[in-house]
């Protein structure tokens, strides 16, 4: 008996609609909203003290095809050996600039900010199994990630941290072969940023917790199957081996330890390494998240896993001691809270998707992105508002004789915009602490020593300082110095 004849197109239509339904699905709407949020967050954050020397280093590597292993920018470090622990990120930053100038750099920042939020959303989705709750988890991640949103290599590092957590989750819950992606991730990570050590620590925490199986009230732990643990241990060993594939060898692997244990001046003087003030908005948010994560198990509304407890303890300790680590806390806490709240909101059902409203929202998101993305003139104004742009123009026209002494915050821009004048100092605090310059300059800039001593020691010919710098009020009172340039951002003093 022959099959009944179907009307033309009746079977093909649903198949043809499937890609369209995916493109205009509710999860796609949430991804677009996170992208808009990322762009609106960073559109006014283009200028950063560190950006400029990263950009210059990327240019040097791009053009010379060599990675510098000694400081090429400052005359006070005497070619101090450096660890190029961000060289690959710096090349990526310069590639964006070479592609489209300042707008290329802004696109780089928007891309990695959006990628962090979207990857965080994926991580929270995997942890909770609820796409709606996962969106709330991504918003929590955004709250803490904004502390680190800047045009710097750490943007790549945060994305790699989320990727590591996703790979470990997939290896634990699906196929252990996912673990073998970790060596490639760490190979990329050590050449992009020194925070690879944090990734190793988190992996070791997972390995440690995998041996325990117990239940203590709402705190639970389930031991991994032996074959899964062996696979993870093998992948972790390969990851450690991959770390040696870097330009500086063991020095690059040791760098995070040297940074945290051997540079007290940097940790004490750089604002982002300062302890978190619990009275600040993000400090209060951190406390609220911790209370909620521990309150839900106490009320028997959710469980807390042993590995989550260890990760949360590590993330909290880092964030409380260093504001720079707030994004790490958000990345670790968001999937935990998302899993605990998985049943508090009905899950997404693809069958209930409505293509037309979703398409309208996506179209509006694209329109907002087009309007919100800053133009070249806007980006130039952002640079002029914080960097000594006009002062550099004066330097080039006046041909002042060096050596130059510059403000700490101006050093990065001067490296990029006025490479003919080697800088006295810049925001690479590690290089200057190793060479002994950081403390010497700090004492001079805060008037803890006779200012004439440093000026004479280095035979300084002119100083370019911030308008509100304490020394900007002292130099006019010193014999042999005169003000030769002034604008709302910078002042320049030269020897008479």
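Test residue 345 against the stated conditions and say whether it is over 26 Å from residue 223 (Cβ atoms), at pLDDT 95 or above and out of contact with any strand residue (DSSP E or B) (no Cβ under 8 Å at 6 or more places or on another chain).
Criteria not met by residue 345.
Yes/no matrix, rows are residues, columns are (1) crowded, with 19+ Cβ neighbours inside 10 Å; (2) free of Cβ contacts under 8 Å to residues at least 40 places away in the same chain; (3) in contact with a strand residue (DSSP E or B) (Cβ under 8 Å, 6 or more places away or on another chain):
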residue: 40; (1), (2), (3): no, no, no
residue: 64; (1), (2), (3): no, yes, no
residue: 72; (1), (2), (3): no, yes, no
residue: 84; (1), (2), (3): yes, no, no
residue: 101; (1), (2), (3): no, no, no
residue: 112; (1), (2), (3): yes, no, no
residue: 115; (1), (2), (3): yes, no, no
residue: 121; (1), (2), (3): yes, no, no
residue: 126; (1), (2), (3): no, no, no
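Checking the condition buried (at least 23 other Cβ atoms within 10 Å of the Cβ), in the same structural domain as residue 341 (by TED's automatic domain parsing), within 18 Å of residue 319 (Cβ to Cβ) and in contact (Cβ under 8 Å) with a residue 12 or more places away in the chain, which residue from 150, 145, 134 passes?
145
Out of all the residues in the range 318-360, which are surrounded by fewer than 16 Cβ atoms within 10 Å (Cβ to Cβ) and either in contact with a helix residue (DSSP H, G or I) (Cβ under 8 Å, 6 or more places away or on another chain) or not in a helix (DSSP H, G or I) (or both)?
Listed by number, the residues that qualify are 344, 345, 346, 347, 349, 350, 354, 355.
Hey, could you check the range 420-433 for residues that are over 21 Å from residue 272 (Cβ atoms) and touching a residue at least 60 places away in the same chain (Cβ under 8 Å) and say which is surrounded by the fewest Cβ atoms within 10 Å (Cβ to Cβ)?
By that ranking, first place goes to 422.
Looking at residue 412, is it buried (at least 22 other Cβ atoms within 10 Å of the Cβ), over 30 Å from residue 289 (Cα atoms) and under 30 Å from the mean Cα position of the chain (by Cα)?
In short, yes.
Identify all residues within the range 268-317 that are without any contact (Cβ under 8 Å) to a residue 24 or more places away in the chain and assigned to a helix (DSSP H, G or I); write none if there are none.
Residues satisfying the conditions are 268, 281, 283, 284, 287, 288, 291, 294, 295, 313, 315, 317.
Against the conditions (1) within 19 Å of residue 309 (Cβ to Cβ); (2) in a helix (DSSP H, G or I), where does residue 211 fall short? Just the number, please.
Just one mismatch for residue 211, condition (2).
Among the candidates 473, 485, which residue alone is modelled with pLDDT of 95 or more and assigned by TED's automatic domain parsing to the domain that holds residue 422?
Answer to the selection: 485.
What do you reckon, is residue 436 surrounded by 20 or more Cβ atoms within 10 Å (Cβ to Cβ), within 30 Å of residue 83 (Cβ to Cβ) and out of contact with any strand residue (DSSP E or B) (no Cβ under 8 Å at 6 or more places or on another chain)?
No; evaluated as a whole, the condition is false for this residue.
Could you figure out which of (1) surrounded by fewer than 19 Cβ atoms within 10 Å (Cβ to Cβ); (2) farther than 19 Å from residue 470 by Cα isn't true of residue 417?
For residue 417, the failing item is (1).
Which helices (runs of 4 or more DSSP H) does the range 366-424 wholly contain that include 2 or more residues that are touching a strand residue (DSSP E or B) at 6+ places or on another chain (Cβ under 7 Å) and outside the structural domain of residue 75 (by TED's automatic domain parsing)?
Answer list for the range 366-424: 389-398, 411-417.
Among what's in the range 454-493 and is out of contact with any helix residue (DSSP H, G or I) (no Cβ under 8 Å at 6 or more places or on another chain) and in a helix (DSSP H, G or I), pick the residue that is farthest from residue 426 (Cα to Cα).
Step by step, filter the range 454-493, then rank; the result is 477.
Here are some conditions: (1) crowded, with 19+ Cβ neighbours inside 10 Å; (2) on the phi > 0 side of the Ramachandran plot. Residue 459 meets all but one. Which one does it not meet?
If we test residue 459 against (1) crowded, with 19+ Cβ neighbours inside 10 Å; (2) on the phi > 0 side of the Ramachandran plot, just (1) comes out false.
Being surrounded by 19 or more Cβ atoms within 10 Å (Cβ to Cβ) and more than 21 Å from the chain's Cα centre (by Cα), is that true of even one residue in the range 283-291?
yes
The values are calculated or read from the model by the stated rules, or taken from the named source; none is laboratory data. Note that this is a predicted model, so its numbers are computed, not measured. With ideal geometry, Cβ positions are generated from the backbone for all residues, glycine too; neighbour counts draw on all protein chains shown.
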